[in-house]
Structure formats: structure tokens, C-alpha cells
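The values are calculated or read from the model by the stated rules, or taken from the named source; none is laboratory data. Given the structure is predicted, the values throughout are model-derived calculations rather than measurements. Because the Cβ atoms are built from the backbone with ideal geometry, glycine has one as well, and the counts that use them run over all protein chains shown. When the accessible area is computed, the model is the full protein with side chains, heavy atoms only, and any ligands, DNA or RNA have been set aside. Shrake-Rupley method; radii C 1.70, N 1.55, O 1.52, S 1.80 Å.
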Amino acid sequence: MLEVKNVDILISTHYLIEDLSFTLRSGDKLAIIGEEGNGKSTLLKSILGRCDYATLRGSVDFKGNKVGYLEQSLNTEDLEIKVYEYLF
């Protein structure tokens, strides 16, 4: 389960998201749809705590679950290793 409560995501002084709340349970699926450059990746990276240019305020609780994130593009070093090594 993933529970997001009252989340704001800011880039500098600009709000990307205000007061976002949702819960994903086992078996649920989520689609994030939007044009290029509208903040879909920033939203996901912020929730995962992997975004160094945005500030997240609010509560994100993974309820003990592990969550993975695959970058849109890999750096040169990562292209040289096997898929299994990269993922695990």
C-alpha cells in the first residue's frame, strides 16, 4: 500500500502540485498522463524522495513496501552492466 496525504510539491516558489492525496492498495494501478514537461517524472521522483530540485511537503507512507523507479535515461556507466545487476 502507498498512502500520500496532503502533498505539495514546489520547485523554487512555483507549486507543481497542491494538496494531493491518494491511496494505492495491492492490485491497484495508476496512470499519470500529461504533456512533456508538465512534471510527471518530478511528481514520481518527489514521492520517492529522489528529486533534488523540488521540495515535498506532506506525508508519504509506503506501509513497508519496496518501490522501484527506473530512470527515463541511463548514464553511460549503467549501460555497460547487465540488466540483472542494474535492477538488483
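For this structure, a couple of remarks:
- Selection of segment 46-60 for residues being among the basic types (K, R) and modelled with pLDDT of 95 or more yields only R57.
- Where a residue in segment 44-62 is under 15 Å from I11 (Cβ atoms) and its partner, wherever it lies, is small (G, A, S) and part of a helix (DSSP H, G or I), with Cβ under 7 Å and at least six apart: A54/S46; L56/S46
- One residue stands out in segment 22-33 among those that are outside any strand (DSSP E or B) and closer than 17 Å to S46 by Cα: the one that is least open to solvent (accessible area, probe 1.4 Å), namely I32.
- Among (1) within 12 Å of the chain's Cα centre (by Cα); (2) over 15 Å from Q72 (Cα atoms); (3) of a type in the set (S, T, N, Q), the one test that T42 misses: (2)
- Residue match in segment 68-86 (condition: touching a residue at least 12 places away in the same chain (Cβ under 8 Å), within 15 Å of the chain's Cα centre (by Cα) and open to solvent by less than 80 Å² (accessible area, probe 1.4 Å)): yes
- Residue match in segment 4-21 (condition: of a type in the set (F, W, Y), part of a strand (DSSP E or B) and open to solvent by 50 Å² or more (accessible area, probe 1.4 Å)): yes
- Breaking point among (1) at positive phi; (2) under 14 Å from the mean Cα position of the chain (by Cα); (3) open to solvent by 80 Å² or more (accessible area, probe 1.4 Å), for K63: (2)
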